[in-house]
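What follows is one structure encoded as structure tokens, with my remarks underneath.
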Amino acid sequence: MAAERGYGGGGGSDYVESIYNLIPKIEEKPPKPQMYRSNHTSTVKNEYKANKKGSKTMGPPKVASNEPKNFLTKRSKEFQLPEKTAFKYPDNDQRRPPVPKHTEKPLMGLQSNKNHVTTNAVENIMSVPKKPEKKFADTRGGATHLLEPSGLTPKYVNKKDFGKTPAYLERRKAEVERAQQEYDAYVQERFQQGAMKSLTEQQRQDILDGLKKNWEELHHQYQGLSVVTDTAPKKARKERMEAEMKQLERDIETIEKHKIIYIGDAY
């Protein structure tokens with residue numbers, strides 16, 4: 001006898017309750033798919049077995065043992081040299097001559113009867129002593145360096161034209177001499193015409209003494225001026241006296257520089 005009851009759900013799905021659903025059902029597993037096998041499996045196995053060498057790393061499984069009488073003796077594995085034999089040259093014609101003995105004195109190179117000991121002695125006696133190289137020290141410890149390549153010595157003294165007057169000075173000297181000659185010719189011509197005459201030494205000295213006396217009087221007045229120039233007349237007077245003193249100084253310097261002074265008739 002089976003009792004069934006139907007329920008209607010609001011979710012749109014139907015569910016039937018039955019006592020048969022309480023009995024556990026045996027789960028049926030789906031069959032496994034067939035395992036993949038490559039078509040080249042047999043080829044790979046054959047190649048692997050063909051290239052494999054038995055006992056390659058571990059050696060043969062069984063090793064033949066030596067006989068008891070063939071035991072290892074001392075130095076039995078050392079390298080044995082071959083027997084000694086006499087050396088023979090392949091061709092006697094190509095052999096070099098033997099080394100001379102210490103008692104022999106073979107002749108080598110050019111021969112000369114020159115007495116080198118006496119010659120060297122005479123050359124050393126007659127030779128001029130070598131001058132030491134000039135050096136300079138630039139550190140406290142005395143480190144020395146050659147002086148010539150350092151740039152501290154004047155190299156121009158070794159020039160061919162050292163001590164000679166430059167060409168531009170010779171040209172300037174010739175121009176000055178030519179101008180002096182032209183000036184002397186002009187003065188001589190004016191002397192001949194009577195339009196110019198020269199001052200005597202006494203006249204020149206009198207003029208010089210007069211200029212110096214005027215400068216001393218003007219300087220004495222300048223020393224008496226007030227230190228403070230707070231007004232325009234004081235400032236103007238001081239400037240005028242300074243200008244007159246400077247002019248007198250220039251005149252005195254000109255007359256002292258020229259020993260001969262020419263003047264015209266108007267003087």
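At a glance:
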| quantity | calculated |
| --- | --- |
| Residues of the stretch 126-176 classified as in contact with a strand residue (DSSP E or B) (Cβ under 6 Å, 6 or more places away or on another chain) and at pLDDT below 85, total | 0 |
| Pairs, first part of a helix (DSSP H, G or I) in the stretch 163-183, second open to solvent by less than 100 Å² (accessible area, probe 1.4 Å), C-beta under 9 Å, six or more apart | LYS173/THR165 |
| Cross-chain or 6+ apart pairs with Cβ under 7 Å, the stretch 76-90 first and open to solvent by 100 Å² or more (accessible area, probe 1.4 Å), then of a type outside the set (Ser, Thr, Tyr) | TYR89/ARG95 |
| Any chance VAL117 is over 30 Å from LYS259 (Cβ atoms), open to solvent by 100 Å² or more (accessible area, probe 1.4 Å) and out of contact with any Gly (no Cβ under 6 Å at 6 or more places or on another chain) | yes |
| Test: residue in the stretch 216-235 that is farther than 30 Å from TYR183 by Cα and basic (Lys, Arg) | yes |
| Test: ALA179 is out of contact with any Phe, Trp or Tyr (no Cβ under 7 Å at 6 or more places or on another chain), modelled with pLDDT of 90 or more and more than 23 Å from ILE261 (Cβ to Cβ) | no |
| Hey, GLU4 acidic (Asp, Glu) and modelled with pLDDT of 85 or more or not | no |
| Cβ pairs under 9 Å, 6+ apart, first in the stretch 222-244 and basic (Lys, Arg), second assigned to a helix (DSSP H, G or I) and modelled with pLDDT of 90 or more | LYS238/TYR222 |
| Condition met for LYS105 (open to solvent by 100 Å² or more (accessible area, probe 1.4 Å), at pLDDT 80 or above and charged (D, E, K, R)) | no |
| Of all residues in the stretch 121-162 being basic (Lys, Arg) and in a loop (DSSP other than H, G, I, E, B), the one that is most open to solvent (accessible area, probe 1.4 Å) | ARG140 |
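Listed here are the residues, each with its yes/no results for (1) open to solvent by 80 Å² or more (accessible area, probe 1.4 Å); (2) farther than 16 Å from MET245 by Cα.
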| site | (1), (2) |
| --- | --- |
| GLU189 | yes, yes |
| GLN192 | yes, yes |
| LYS197 | yes, yes |
| GLU201 | yes, yes |
| ARG204 | no, yes |
| ASP209 | no, no |
| GLU216 | yes, no |
| HIS219 | no, no |
| TYR222 | no, no |
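The values are calculated or read from the model by the stated rules, or taken from the named source; none is laboratory data. Computed from a predicted structure; not experimentally measured. Every residue, glycine among them, receives a Cβ derived from its backbone with ideal geometry; neighbour counts consider all protein chains shown. Side chains are part of the model used for accessible areas, which takes the heavy atoms of the whole protein and leaves out ligands, DNA and RNA. Shrake-Rupley method; radii C 1.70, N 1.55, O 1.52, S 1.80 Å.
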